[in-house]
1. More than 9 Å from the ligand (Cβ to nearest atom) and touching a residue at least 40 places away in the same chain (Cβ under 8 Å): does that describe B:Gly112?
2. Filter the stretch B:254-275 for residues that are under 19 Å from B:Thr464 (Cβ atoms), open to solvent by less than 10 Å² (accessible area, probe 1.4 Å) and part of a loop (DSSP other than H, G, I, E, B) and give the result.
3. May I ask you to list pairs of residues, at least six apart or on different chains, whose Cβ atoms are under 8 Å apart, with the first in the stretch B:353-368 being over 15 Å from B:Ile469 (Cα atoms) and the second being at pLDDT 80 or above and of a type in the set (Val, Ile, Thr)?
4. Scan the stretch A:182-202 for residues that are of a type outside the set (Lys, Arg) and in contact with a Ser or Thr (Cβ under 7 Å, 6 or more places away or on another chain) and jot them down.
5. On the given criteria, is B:Pro32 within 14 Å of another protein chain (Cβ to nearest Cβ), modelled with pLDDT under 95, over 20 Å from B:His401 (Cα atoms) and buried (at least 18 other Cβ atoms within 10 Å of the Cβ)?
6. Find the residue count for the stretch A:135-183, including only residues that are in a helix (DSSP H, G or I) and either more than 14 Å from every other protein chain (Cβ to nearest Cβ) or surrounded by fewer than 18 Cβ atoms within 10 Å (Cβ to Cβ) (or both).
7. For residues that are within 14 Å of chain A (Cβ to nearest Cβ), closer than 30 Å to A:Ala82 by Cβ and within 16 Å of the ligand (Cβ to nearest atom), tally how many sit in the stretch B:52-84.
8. Filter the stretch B:86-99 down to the residues that are open to solvent by 10 Å² or more (accessible area, probe 1.4 Å) and at the interface with chain A (Cβ under 9 Å from one of its Cβ atoms) and list them by number.
Amino acid sequence: MKDAFGTPQSLLILGGTSDIALATARRLIARRTRTVWLAGRPSQALENAATHLRGLGAETHTITFDALDPDSHEAVLGKVFAEGDIDMVLLAFGVLGDQANDERDPVSAARVAQTNYTGAVSSALVCARALQAQGHGSLVVLSSVAAERARRSNFIYGSSKAGLDTFTQGLGDALHGTGAHVMLVRPGFVRTSMTAGRPESPFATTPEAVAVAIELGLRRRSETVWVPGSLRLVMAALRHVPRAVFRRLPL
Amino acid sequence: MPADAVPTSPAPPPAGPRRPASASAPASASVPSSAPVTVTGWGRTAPSAARLFRPRTYEEAAAAVRACGAHGARGGIARGLGRAYGDAAQNAGGAVLDMTGLDRVHAIDADGGTVLCDAGVSLHRLMEVLLPLGWFVPVTPGTRQVTVGGAIAADIHGKNHHVSGSFARHVLSLELLTADGGIRTVVPGTPLFDATAGGMGLTGVILTATVRLLPVETSWMSVDTERARDLDDLLARLTATDRYYRYSVAWIDLLARGAATGRAVLTRGDHAPLDALEALPRRNGQRPSPRTGAAASPGTPPSGSLWTPPSGSPWRASTRVRAGRSSFGEAFRFRRDMLASPLEFRTPSLPAAPSFVPDGLLGRTAMGLFNEFWYRRAPRARTDELQRLSTFFHPLDGVPHWNRIYGRSGFVQYQFVVGHGREEALRRIVDRISARRCPSFLAVLKRFGEGDPGWLSFPMPGWTLALDIPASLPGLGAFLDSLDEEVAAAGGRVYLAKDARLRPELLASMYPRLPEFRALRGELDPGGVFVSDLARRLGL
Ligand SMILES: Cc1cc2nc3c(=O)[nH]c(=O)nc-3n(C[C@H](O)[C@H](O)[C@H](O)COP(=O)(O)OP(=O)(O)OC[C@H]3O[C@@H](n4cnc5c(N)ncnc54)[C@H](O)[C@@H]3O)c2cc1C
């Protein structure tokens, strides 16, 4: 169960090697989290992550989960929920793709969309139903500031996150009043292994900062969290910039 | 109910629409409502959803319990008026049995001083019914809006714990609906009783209870007030003189720092005897006869309480009564009204708190000013002031929904006890709270008497401190965890009825009889029919 500050005792991470997810897990383990499920494609990185969290004192399990195989989601995730209540699901998988390459290769572009959007839709729905049956728990979804407005430099990734973002908003409304809580997290540019080597956008942030914001959001039972928080205002302004101008902004 | 008990008044009609508002969702029919509703405790943290049953008969309650045990049903838990601060009366994804539909007062033995009632009856209702007959509930918490079932399940304590113990000590027997759907009569001195008293509803649903009452002559309190300038002064005063008062409590200003750390206002007293009212206009005159525990005036019930003032002690009986009125005419009218109906139970009511309040409204400044005002307002020393029962015991009940003022994040109440001889730990904790400037309204310090037999009962002989803190305060979780460490290291414990955040690892050391409790539960309820969010969170 969560405590009075929204801190979960059990955590399921979809995308178990995500830097943001692991930073979040570390933070939550320092508070109340005692059980962690890391879901992802089997890999050394996933095992390393599990070992790391175990070292912090959490009973950690890994499970094979592939966002690109929606047919398996029900069975794989169902097993986790059958083991006991999950107080928080963190949906953290996603790929950035390579915009220039993906524009030339529609198949790889489609894979970005399938991972970030289709895979998220099916796994989030499975988890949402389980949380609803439990009558409690948070589903935290990592969207992106890129979901807010299409940018020339990353619209394939951005559109997949936009789909996820809209989906999550609707899911939050659908679950309102069921005891389950849905929280959308919109970080700006995060310095992670996923973005290593890429030019930083303004308002760049870190996985730790996102983790802090997630913990705060849980305490407040927020529906949307921007990281950094100032992005909320920045994006509110940018949304109204005319396309012709926006196109030319160095974003 | 003793066999010879004579019901002296017809059972009052069910409270019906007068049911006081609970923190929970609307009352539903006796059948499970089809859509789950969100439920929280009084602190409004950690909401979860459950199906609400509201049984109106014992049969309906038994049927509901059987349904809770059905395959895949996630169990059930009884709920009274939802005044537990944390998650004791919620059950995510399962059922919550709202017991306030079972609210009959079955019989009052006005000679022997006992009442047999349903567990869903509130203490408020009992006071309404009992006071005119010259009886009072044996133990009352800081609010009247709790049920008898909730009072037993949390084994609540009042300002009289140092002389009367906690609530379950005054329970002569109770009927418990157990996991198998059967009803057992449970009497003190048995393991099932000791598991149920303080057992947070996890042994079953309490259906009825027979409670021993306290005789009173009036519905007024005779109250002494004094200030303590710091914590040492406070502890010394309580230690030296607590035993002369039936009721005793100290309001501590935890925002005071430095030399004033722990400064407090002590309010202590007892039920005012009839002659205290009679003595009223003679504002400085002597009271006719000092109150002794027994037979204060002809025709009043004999003292059936567990406790009488120590004989030959400087028991602060009313020797002088002040009505708090200025002119003689006013004082006269006041006296006339009081004497016309000395047992009248009046409860003032203020407008409810608004339903939306932003987080953080009650910051340090506001609370600090309030505490300053409260401390200065109290007289340095005043004796034998007459106060209404509700003013003395339940000042917050006058403002419905006051728990909303803490905003959306809600608030936590931190209450712990450490034993006598552990004053150092208490002092450290008070220092740390003061140094951290937790925005808290007046916190409450009490000196507990003997411990109670309930396995998970909270009180133990020593000092208990309770304070409300907004949950939105940054870093509060970690801070309270570190206080828990101090408490546990001092052999103390935190109060489950108030808890919403204890680290499960600390539970066993705080409650040494937990293994027995778990074993009994395992035997009585192997299928885990009774379960709550509290039980899941702490692994009870
Ligand atoms: C302003 C305020 C002041 C307070 N002051 C004090 C105080 O001075 N001393 C003190 O000890 N406490 C105090 N409390 C706490 C309160 O007394 C307890 O939490 C009490 O248990 C609340 O009773 P309830 O009927 O609201 O029960 P709920 O909050 O609804 O339930 C509390 C527990 O009782 C169980 N329960 C309720 N009914 C039944 C039943 N019929 N059968 C089995 N289990 C049942 C529930 O399962 C749950 O575990 C205070 C609370 C408030 C809000």
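1. yes
2. B:Leu254, B:Gly262
3. Note: pairs meeting the criteria are B:Ala353/B:Val399; B:Ala353/B:Ile405; B:Val357/B:Ile405.
4. A:Val182, A:Met183, A:Leu184, A:Val185, A:Pro187, A:Gly188, A:Phe189, A:Val190
5. yes
6. Residues that pass the stated criteria total 23.
7. 6
8. Residue satisfying the conditions is B:Gly93 alone.
The values are calculated or read from the model by the stated rules, or taken from the named source; none is laboratory data. Note that the coordinates shown come from a computational prediction; the quantities given were computed from them, not determined experimentally. Quick reminder, even Gly has a Cβ in these numbers, built from the backbone with ideal geometry, and neighbours come from all protein chains shown. Protein only, heavy atoms only, side chains kept; ligands, DNA and RNA dropped before computing areas. Shrake-Rupley method; radii C 1.70, N 1.55, O 1.52, S 1.80 Å.
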